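Each remark here refers to the structure printed beneath this line.
Rule-based calculations on the coordinates, nothing more; no lab input. Predicted model only: the values in this text are computed from it and were never measured. Don't worry about glycine lacking a Cβ; one is built from the backbone with ideal geometry, like all the others, and counts go over all protein chains shown.
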Amino acid sequence: MACKALYGKVSSVFWRASLQSIRTDLSCANLGKLETISRDAQLRHYVKHMAFAGFDECLENLGEGYKWGSHRHQSGHLVNLQEHPAVKRLTDILCQLANCKSFEIYAVLTKVRDQSDNDNFRPTDSITTLLDVVARAHLPVTALVVNFMDISNYAPDPQRLQVSDKEQFIAIGQHLEELKLVYELDDDIVRDWTFNILLHTPNLRMLHLKGLGLSGGTELIHRLASAGPPWLQLQELHLKCIPASIEDLMVLLQRCRHSLQVLKIDIMRMYANVGDVKQMLRTLSDSFPALVSVSFDSFTLGVIRRDYFIHFPVVAENPFVDELQGTKFEFATNNTRGWQRVFRVAYSGPRMDVALDILARTVDGAPASIS
């Protein structure tokens, strides 16, 4: 009896760890395996996260064993999915996996649809499918990752995105607490889809945006500043490779000034001058009482071109925020045309107002080009 009890305990621990995160390519074979898990009264409670990705080398091929052409609109996106056998199975599975509230759509390669590809299911179709299932089954999704840029720089296929179904955006966004969007933003349809999902996230606590392209990221941030959600509960904001005007950035930050705890800005081209950056840091020091961690990495300034590199020279000379408490900045340097530049500075700890004030007083700009 003791051995049996021990085996049961070990087995439970094994399955709890193994099934916490599962993966699907929406193939007939894979959905069969997920159905087995979802019908088990014990195992189905262990699943917390589901990733949509192909099992091929490029993670590109999904939906094997099913026909998709008859469910594809002439513009490219999938329609009438409630009648598709694979989507019916997925809906039944997710309704049984009551603790699965976190989803990821992952691709390292994506391509724009051509007519010969109508019957194939691609990573962007996973987006349309997930939103459709969530809306119809009223699933409370609390975390979502859409990642098309881990290895190469890609974006969802705009022809396969559905951007006009407001009810789907409301359904996916109303419970979201964590959202990570990683892809290029230059295409208008991709940018519209991104704006629509961000517009309907009133309970967001963590937002990570990473993109490439100058005009796309700038326009997205401007639209969010002009008509975005209040984000009164946002605690963590991470922007990477998203260019923006400092005015639009400050509008976004002011909306969450009472809740924001972590701010990370990486590889950002900001349309501002050094004086504007000083004022931004002073505002963060004076008006963001919840901040406990900040990180600024590879700032450049300029509208038409990169005019200045932002750097923090004093931090390298004296990294301490409070010598008595032993708190100090983390920083990284590189060599820019023969002189050392502090291109990254970060601080986590008490007396955040003092740390930000030090940065505001000492931030400087170095010419990005030699005239």
Practice task
Kindly express, to the nearest 10 degrees and within the range 0 to 90, the angle between helix 28-38's C-alpha long axis and the longest C-alpha principal axis of the chain.
Solution key: 80 degrees
Problem - Of Lys240/Lys264; Lys48/Lys210; Lys101/Lys180; Lys210/Lys328, pairs whose Cα-Cα distance is over 18 Å - result: Lys48/Lys210; Lys210/Lys328
Problem - Angle in degrees between helix 246-255 and the longest Cα principal axis of the chain, rounded to the nearest 10 - result: 60 degrees
Practice task
Using only Cα atoms, tell me the angle between helix 274-287 and the longest principal axis of the chain; keep it within 0 to 90° and round to the nearest 10.
Solution key: 70 degrees
Problem - Exposed-site-free run, longest, the chain (rule: GluC sites (Glu not before Pro); DSSP loop; at most 12 other C-beta within 10 Å) - result: 58-322
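Please rank Arg72, Arg160, Arg257, fewest neighbouring Cβ atoms within 10 Å first, as an exposure proxy.
Details: Arg72 21, Arg160 25, Arg257 18.
Final ranking by Cβ density, sparse to dense: Arg257, Arg72, Arg160.
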Handout entry: Mean projected area (nm²) of the alpha-carbon convex hull when region 11-310 is viewed from all directions
Key = 16.4 nm²
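Taking only DSSP H segments of four or more residues, each worth -39500 (n - 2.57), what value at 222 nm results for the chain once the sum is divided by all its residues, to the nearest 500 deg cm²/dmol? Kindly include the intermediate steps, with their values, before the conclusion.
Values: 11 runs with 129 residues, N = 371.
Mean residue ellipticity at 222 nm (helix-derived): -10500 deg cm²/dmol.
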Problem - Ranked list, fewest to most other Cβ atoms within 10 Å of each Cβ, for Phe309, Phe169 - result: Phe309, Phe169
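Going by how many other Cβ atoms sit within 10 Å of their own, how do Lys328, Lys101 line up, fewest first? Don't skip to the answer; put the middle values down first.
On the way: Lys328 16, Lys101 20.
Starting with the residue having the fewest Cβ neighbours, the order is Lys328, Lys101.
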